[in-house]
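Asker: Take a look at this one; I'll ask things after.
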Amino acid sequence: MLGWNRFSPKEFIFCAKIPQIITHDKLAEIGPSLESELDRFAELMLPLNNNGKLGCLLLQMPPKYKYDLSHLEGFLSILPHGFKYAIEFRHKSWLQDSTWPLLSKYNVAYTIVDEPLLPPEVHVTADFAYIRWHGHGQRPWYDYHYAEQELKSWMPKVKEIEPSVKTTYGYFNNHFHGYAVENALRILQMMGKLTPAQGAAFNRAKGHLEKGKGPEGLGEWVKGGDDRPKIIDLLSALMGESRLARALAIHDEEVTIKTATDERVVAKIRDYNLTMDFETRTITHDCGDWERSIETRQLCKHVGKVLLLLPEKTALGWVTQIHEDPEAWHYLKPIGKTVAT
């Protein structure tokens, strides 16, 4: 965070997603353990928040989190003070009149979404608004390019929101082929807020997509087989989208897989080693980012790359097992070895 704060432009604003260990793993029991995780994450965000570079923190709730107003209030009441929060529900049961006053009480913004599972309802519950355009694609739905007319249909909603809030944050999650860049700039153009520099970037993005030269990334990878979209979804949850993108950027020839079974994986990535053992639920690795992963419980890009190169059924088995019970897995570094950072 110190580096982001120091090297980002003066007026740049970050919005961060709160880790799944908070919104998923420890959400059920409101208590000291959950509060401790919240406080730890808030402390990490302080350099950005104290310098006016943090817009808000997003609470993306799990799909199984159903309407329970008492539990939600207990959760909102322990959120660290001094930050702004947006909450994204993913279960329809929350779309009822009693939800909005509670969010307003804590100045938490309802996340207005565009996706197949929830209607794009507009509810302003804070002094800022948060919109997420996920898309309407197939396998997965966020591999999607919004047509100009689709974005035009959102203009009345955006204009309805703007007079009621100080700031509106809008995010496109349709990132597989770089669509988010073009779509975000296009909607700024429709709003009459495109700067000259953004206009030049918009023209480059349009030209790139018109030539059909989408980047070799998630969108290309998922075309390989029926299990691949599920693998991507699970990996995204286990390591975060930015790490997943970095995993895809590693060249295949930089990886040597020595063993690849449902019980054991042994591989070498550049100068790093990886061993995964199903019986002992251990993942042993030796890169610098892995040492941080041990604490944050997220897979690093090297582990992600190896999983992406495994046979699809084998990969799906591994990521499913890790995702279903992440606390059962041990993240280790080789005994007696200092990990270079």
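The values are calculated or read from the model by the stated rules, or taken from the named source; none is laboratory data. Please read all numbers here as calculations on a predicted model, not as lab measurements. Glycine also receives a Cβ, built like all others from the backbone with ideal geometry; neighbour counts cover every protein chain displayed. With ligands, DNA and RNA removed, areas are computed over all heavy atoms of the protein, side chains included. Shrake-Rupley method; radii C 1.70, N 1.55, O 1.52, S 1.80 Å.
Asker: Out of these labelled values of volume of the Cα convex hull per residue in Å³, (1) 155; (2) 147; (3) 222, which was calculated from the coordinates shown here?
Answerer: (1)
Asker: At 1.4 Å probe size, with every protein chain present, just tell me what the per residue accessible area of the chain comes to in Å².
Answerer: Details: 17200 Å² over 341 residues.
In whole numbers, the chain has 50 Å² accessible per residue.
Asker: Something else about it: Determine the percent antiparallel among the DSSP beta bridges restricted to the chain, to the nearest 5. Numbers along the way, then the final one.
Answerer: Values: 15 of 38 bridges.
Once the DSSP bridges in the chain are tallied, antiparallel ones form about 40 percent.
Asker: Can you compute 3J(HN,Hα) from phi for each residue in the range 153-166, using the Karplus curve 6.51 cos²θ - 1.76 cosθ + 1.60 with θ = phi - 60°, rounded to whole Hz and x for Gly and Pro?
Answerer: Ordered by residue, 3J(HN,Hα) equals 5, 8, 4, x, 5, 4, 5, 5, 6, 3, x, 8, 9, 7 Hz.
Asker: Then there is this: Here is the link list: LYS17/LYS230; LYS17/LYS152; LYS166/LYS206. Which ones come out longer than 23 Å on Cα distance? Present the calculation step by step, with values, prior to reporting the outcome.
Answerer: Numbers: LYS17/LYS230 21 Å; LYS17/LYS152 27 Å; LYS166/LYS206 30 Å.
Violating the 23 Å limit, Cα to Cα: LYS17/LYS152; LYS166/LYS206.
Asker: How large is the accessible surface of ARG228 in square angstrom, using a 1.4 angstrom probe and rounding to the nearest 10?
Answerer: Rounded to the nearest 10, that gives 50 Å².
Asker: Along the charge dipole of the chain, which of GLY199, LEU307, TYR85 sits closest to the positive end, that is, farthest toward it, with unit charges on the beta carbon of Lys, Arg, Asp and Glu (+1, +1, -1, -1)?
Answerer: Ranked along the dipole, the leading option is GLY199.
Asker: A follow-up question, please. Aspartates and glutamates near LYS53 by alpha-carbon distance under 14 Å, same-chain residues fewer than 8 away left out - which ones?
Answerer: Straight-line reach from LYS53, under 14 Å: GLU11.
Asker: Where nothing but the Cβ of Lys and Arg (+1) and of Asp and Glu (-1) is charged, how large is the charge dipole of the range 69-189 around its Cα centre, in debye to the nearest 20? It would help to have the intermediate numbers written out before the result.
Answerer: Values: 11 positive and 13 negative charges, 27 e Å.
Dipole about the Cα centre, nearest 20: 120 debye.
Asker: From the phi of every residue in the range 226-238, what ³J(HN,Hα) in whole Hz does the Karplus formula 6.51 cos²θ - 1.76 cosθ + 1.60 yield, where θ is phi - 60° and glycine or proline is x?
Answerer: After applying 6.51 cos²θ - 1.76 cosθ + 1.60, I find 5, 7, 5, x, 5, 4, 4, 4, 5, 5, 4, 5, 7 Hz.
Asker: I'd like the carbon and sulfur percentage of the solvent accessible area for the chain, probe radius 1.4 Å, heavy atoms only, ligands and nucleic acids excluded.
Answerer: On the way: 8950 of 17200 Å².
On the chain, the fraction of accessible area on carbon and sulfur atoms equals 52 percent.
Asker: Karplus couplings for the range 123-134 from phi (6.51 cos²θ - 1.76 cosθ + 1.60, θ = phi - 60°), rounded to Hz, Gly and Pro as x?
Answerer: Listing the rounded values in order: 9, 9, 10, 8, 7, 9, 10, 9, 10, 10, 9, 8 Hz.
Asker: At what distance in angstrom do the alpha carbon centres of the range 130-189 and the range 56-120 lie from each other?
Answerer: One Cα centre to the other: 20 Å.
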